[in-house]
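*Asks:* So that we are looking at the same thing, I have put the structure below in structure tokens.
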Amino acid sequence: MLMALSSNAQVCEGSLGDPVVNIDFGRGGSRGPRPNIITSYSFLATGSPFGEGQYAIAQSTTGMNGGWYDIFNHTPNDFDGHMMVVNAVPDPGVFYESADVIDLCPNTTYEFAAWIVNLLRSVNGIRPNVTFTILDMNGNAIRSYNTGDLRNGNPVWEQFGFEFRTNNAGRVKIRMTNNAPGGGGNDLAIDDITFRACGPVIASGIDNTTFREQSICEKSESTFKLSAEVTGSSTLKYQWQINTGTNWEDVPGETSTAMEYKFENATPGVYQFRLTVAEPANFASPLCRTVSPTLTINVNKYPVPRAISNLPCLGKDLILDVADADGTYIWFDPQGRKISEERSLTIKSATFAMMGKYRVTVTSGGCASTSEVDVAVLPPPLAKVENANLAVCEGSSVALKASGGTTYAWSPAAGLSATNIANPMASPLRTTTYTVRVANGSCESFTSVNVVVNKIPVANAGEDKKIVLGGSTTLNGSATGDQVSFFWLPAIGLDDPTSLTPTASPSESTNYTLNVVSSLGCVTAIDTAFVLVYEKLSIPASFSPNGDGTNDLWNITAIETYARPKVSIMNRYGELVYESVDYYLKPWDGKYKNVDVPVGVYYYLISLGLGGKPLSGSVTLIR
């Protein structure tokens, strides 16, 4: 969006008063309400584009008409403010006349002024031309002024104004007449319409100079002579006024062209003074007065600087700075020598000779304060550790021990009980190198500790085994861990108790325990394999199931020591006549399906479940 520029020149050649009337069309919202004016133009509260003979009260012209410049209202620093936007009718005529009476001081000269801008982008369009007329209450013209054709091709706010003098009544109206035909242009915006009393020429200054501004420091005692030179009638009356931030107020008793103002224990602030001037008949009304140029006494606070410094390490940069104070700066070294006018300065390669109090003087608004900082140059720390190489069993902890500074920072943090102490406990999951930053203020050095994590022993004796008495089996042991040895207990029945896979030939069932021992002091691991030893079977070659109570069953001695052995008996034709997995509970009685089988030779298979070849042979059945 384009921002309309402004240009203006004061019409009144003398002094001006505060605005008696200031029509700025209000503020708040993109469109404002209809003003209380007399006009034949139509008020457009919302919507666009504009038609001829319409006007609106708006913040900006954005989106109103494609042929217009996009501008904001004129009121300085008031983007929420409004202006009057006019699309003129083809025929010249009045587009604005105040409906309310404007009360001014009688028989007083005023400056009327208003800001206008040509909205049309085209340089070939009709240029606005406006006549301002001040009317008395009978509709008679007191004074008229014509703007001439407004400039085009550039959205510049221009101020137009003129002087006029009121009659005995002092009551007026303002009329604005459009002189250019509408149609292809003649579109304008108007804002900030003011009436200000116009009086004599006034020159003012402080302490018999032309300076209009002076400064002192808080808590000081000072007296200033404020004076004004008035070129005008000898009958004029005067009144000095003061403004400390809110409103202008009369200074009691100060009714001449000069006054003295005394500060005692001055309070910080901006003190403004001006001389108001008017003829005696109108002096009672502040709006009838004109005023001198403003004289300003600034009572400035003393800055409250805070000199700061890093604590430099020997050989590093010494940095000086000032906090909490703006202004100009002068630094002095411990010997009182001026060393800089910068707020921040860096002195290369600090030495112990640079130690001492550095002073800075800060001046702001003519008020100076001083601050000191005591600079110490720190010796560099020497990072040390008690042991740079440590070993720990997996799952255990070990203390890291550092020294040589005032603060410590360890990394990485994994496995540490703390990272900001000298002696943290380390419990790493794997071999880790820990680095420690040892600091003394801004000085630092580094060293490291390597913590080797030894894998703890793990023993696996393998699966349990089964053998028949007199037989043997191999134990399938395994062991892991760092620097381990191993052995089996008991050693009896083993060909090599220090082997992971010894041959076991026990004479009875035995638990063999594999012991895995760490030479690094880690815990000993154990695991057990059970070797079950079965008795040898005694298999009868014959039996006689004739019911005489002797040798009626084929009893296999020691078969009950085996877990669910399978016994199968076939006739000479290979037909199965008996089978059992619980043979010791019900041995074969020479029957097949409860019928005696014929005498003769039968063949057996006995599977003991030991993973070996089944036992086989023959048995003779006798009756």
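*Asks:* If you place +1 on the Cβ of every Lys and Arg and -1 on the Cβ of every Asp and Glu, how big does the dipole about the Cα centre of the chain come out, in debye to the nearest 20? Provide the component values of the computation, followed by the final result.
*Replies:* Details: 44 positive and 58 negative charges, 226 e Å.
Dipole about the Cα centre, nearest 20: 1080 debye.
*Asks:* Sort the following peptides by mean Cβ neighbour count (other Cβ atoms within 10 Å, averaged over residues), highest first: 206-212, 370-376, 433-439. Before the final figure, lay out each step's value.
*Replies:* Numbers: 206-212: 12.1, 370-376: 15.4, 433-439: 19.9.
With the highest mean Cβ count within 10 Å placed first, the list reads 433-439, 370-376, 206-212.
*Asks:* Further question on the same structure: List the aspartates and glutamates whose alpha-carbon lies under 20 Å from that of residue 219, not counting same-chain residues fewer than 8 positions away?
*Replies:* Cross-link targets: 260, 264, 326.
*Asks:* Add +1 for every Lys or Arg and -1 for every Asp or Glu among the other residues with Cβ under 14 Å from the Cβ of residue 512, and state the total. Display every interim value, and only then the final one.
*Replies:* Numbers: positive: 465, 466; negative: 463, 464, 495, 496, 508, 527.
Value of the local net charge: -4.
*Asks:* For the stretch 472-492 and the stretch 540-604, what is the centre-to-centre distance using only Cα atoms, to the nearest Å?
*Replies:* The distance from the Cα centre of the stretch 472-492 to that of the stretch 540-604 comes to 44 Å.
*Asks:* Tell me which of 432, 138, 355 sits at the most positive position along the dipole axis of the chain, charges placed on C-beta atoms (Lys, Arg +1; Asp, Glu -1).
*Replies:* 432
*Asks:* Now for a different question. How big is the dipole moment of the stretch 453-517 about its Cα centre under a simple scheme where the beta carbon of each Lys and Arg is +1, that of each Asp and Glu is -1, and everything else is neutral? Debye, nearest 20, please. Before the final figure, lay out each step's value.
*Replies:* On the way: 3 positive and 6 negative charges, 19 e Å.
Taking the Cα centre of the stretch 453-517 as origin, the dipole is about 100 debye.
*Asks:* If you don't mind, another one. Could you rank the peptides 149-156, 290-297, 341-348 by their average count of other C-beta atoms within 10 Å per residue, with the highest value first?
*Replies:* Details: 149-156: 16.6, 290-297: 21.4, 341-348: 13.8.
Peptide ranking by packing, descending: 290-297, 149-156, 341-348.
*Asks:* If I compute Cα Rg over 2.2 N^0.38 Å from the structure I just sent, which labelled value in [x] 2.26; [y] 1.14; [z] 1.27 lines up?
*Replies:* Given [x] 2.26; [y] 1.14; [z] 1.27, the structure-derived one carries the label [x].
*Asks:* Okay, moving on. Treating cross-link reach as a plain straight distance, find the aspartates and glutamates whose alpha-carbon is under 15 Å from the alpha-carbon of residue 455, omitting any fewer than eight places away in the same chain.
*Replies:* 394, 482
*Asks:* Here is a further query. Of 231, 308, 268, which is farthest on the positive side of the dipole of the stretch 203-324, counting Cα position, with +1 on Lys and Arg Cβ, -1 on Asp and Glu Cβ, and the Cα centre as origin?
*Replies:* The Cα lying farthest towards the positive end belongs to 308.
*Asks:* How large a share of the accessible area of the chain, in percent, is made up of carbon and sulfur atoms when the probe is 1.4 Å and the other protein chains stay in place? Can you show the working numbers first?
*Replies:* On the way: 15250 of 30710 Å².
That fraction is 50 percent.
*Asks:* Would you list which lysines come within 19 Å of residue 357, measuring only between C-alpha atoms, while excluding same-chain residues fewer than 8 positions from it?
*Replies:* Candidates past the 8-residue exclusion: 316, 338, 348.
*Asks:* Something else now. What's the ranking of 477-483, 217-223 by average number of surrounding C-beta atoms within 10 Å, highest first? List each step's numbers first, then the result.
*Replies:* Values: 477-483: 17.3, 217-223: 14.0.
In decreasing order of mean packing, 477-483, 217-223 become 477-483, 217-223.
*Asks:* Hey, what's the stretch 142-290 come to in accessible area per residue, 1.4 Å probe, Å²?
*Replies:* Values: 7030 Å² over 149 residues.
I get 47 Å² per residue for the stretch 142-290.
*Asks:* Quick one: Karplus J couplings for the stretch 15-23, per residue in order, coefficients 6.51, -1.76, 1.60, θ = phi - 60°, nearest Hz, x for Gly and Pro?
*Replies:* Per-residue couplings from phi come out as 8, 10, x, 5, x, 6, 10, 9, 8 Hz.
*Asks:* Of the options 256, 485, 448, report the single residue whose Cα projects farthest towards the positive end of the charge dipole of the chain (beta-carbon charges: Lys, Arg +1; Asp, Glu -1).
*Replies:* Checked the options; the winner is 485.
*Asks:* Filter the cross-link list 225/301; 173/237; 536/613; 465/613; 591/613 down to pairs whose alpha-carbon distance in this structure exceeds 24 Å.
*Replies:* Details: 225/301 22 Å; 173/237 28 Å; 536/613 15 Å; 465/613 16 Å; 591/613 27 Å.
In this structure, 173/237; 591/613 exceed 24 Å between Cα atoms.
*Asks:* Same structure again: Give me the net charge for the shell around residue 335: Cβ to Cβ below 15 angstrom, other residues only, Lys and Arg +1, Asp and Glu -1. Show your work: numbers first, answer last.
*Replies:* Numbers: positive: 337, 338, 357, 359; negative: 333, 372, 374.
Around residue 335, the charge tally is +1.
*Asks:* Quick check for you: with a 1.4 Å probe and neighbouring chains kept, what is the accessible area per residue of the stretch 330-419, in Å²?
*Replies:* On the way: 4870 Å² over 90 residues.
Here the residues of the stretch 330-419 average 54 Å² of exposed surface.
*Asks:* Here's another thing I want to ask about it. Residue 141: net charge of surrounding residues, Cβ under 15 Å, Lys/Arg +1, Asp/Glu -1, itself excluded? The partial results should precede the final answer.
*Replies:* Working: positive: 143, 165, 171, 173, 175; negative: 97, 136, 163.
My count for the surroundings of residue 141 gives +2.
*Asks:* If you don't mind, another one. Could you give the dipole magnitude of the stretch 4-156 about its Cα centre, charging the beta-carbon of Lys and Arg +1 and that of Asp and Glu -1, in debye to the nearest 20?
*Replies:* On the way: 7 positive and 14 negative charges, 95 e Å.
Around 460 debye, computed over the stretch 4-156.
The values are calculated or read from the model by the stated rules, or taken from the named source; none is laboratory data. Predicted model only: the values in this text are computed from it and were never measured. Virtual Cβ from ideal backbone geometry, glycine too; neighbours counted across all protein chains shown. Keep in mind that these areas ignore ligands, DNA and RNA; they rest on the heavy atoms of the full protein, side chains included. Shrake-Rupley method; radii C 1.70, N 1.55, O 1.52, S 1.80 Å.
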